[in-house]
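Step one of this worksheet: look at the structure below.
The values are calculated or read from the model by the stated rules, or taken from the named source; none is laboratory data. All values reported here derive from a predicted model rather than from experimental measurement. Backbone-built Cβ (ideal geometry, glycine too); neighbour counts: all protein chains shown.
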Amino acid sequence: MKSFGYTVYGQYTTVKMFVNLSNSEANKLYGTYKEWLTIHNCPMSHAKNGKFKHSVEGILPQQSLRQWITDLEIAKAKTAVEIAQDKVKMLEHTHNGTVFHYLDDEEPTYGSGVFTQLMEDEDDLPF
């Protein structure tokens, strides 16, 4: 049986895939599955989030496959959260008390913290 990233041969499943994982999550997975899998960073891969791209290869016993899939899903979710947090940090720049909010494909919006909090509702606008 063959599915994306996995091929089953009797009591074993081969694993070969590229995944977005933070280095800490990749190290956790490697620590657990080092007898069966190799996980290494692919620095030449410059995809959308190239710094997180890792190659995973090896052979797992069939009884470990379900646990591996669960651990991999958790690691990918934690990495996605880390990517989102990095994006928020990158998009919000503070300079002299003014916060610049850059939204995807939009011009930056400017506002100081106190003024924008007071003027959030349309009813609060002075004109």
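Restricting attention to the stretch 11-38, the residues that are more than 17 Å from T79 (Cα to Cα), of a type outside the set (S, T, N, Q) and in contact (Cβ under 8 Å) with a residue 12 or more places away in the chain total 6. The single condition among (1) at pLDDT 95 or above; (2) touching a strand residue (DSSP E or B) at 6+ places or on another chain (Cβ under 7 Å) that H101 does not meet is (1). For the stretch 1-30, a tally of residues being in contact with a strand residue (DSSP E or B) (Cβ under 7 Å, 6 or more places away or on another chain) and basic (K, R) returns 1.
Okay, residues lined up against (1) surrounded by fewer than 14 Cβ atoms within 10 Å (Cβ to Cβ); (2) closer than 30 Å to Y9 by Cβ; (3) at pLDDT 50 or above; (4) in contact with a Leu (Cβ under 6 Å, 6 or more places away or on another chain):
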position: Q63; (1), (2), (3), (4): yes, yes, yes, no
position: W68; (1), (2), (3), (4): no, yes, yes, yes
position: M90; (1), (2), (3), (4): yes, no, yes, no
position: H93; (1), (2), (3), (4): yes, no, yes, no
position: T109; (1), (2), (3), (4): yes, no, yes, no
position: Q117; (1), (2), (3), (4): yes, no, no, no
position: L125; (1), (2), (3), (4): yes, no, no, no
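Scanning the stretch 33-56 for residues that are surrounded by 15 or more Cβ atoms within 10 Å (Cβ to Cβ) and either at pLDDT 95 or above or more than 19 Å from the chain's Cα centre (by Cα) (or both) yields Y33, W36, L37.
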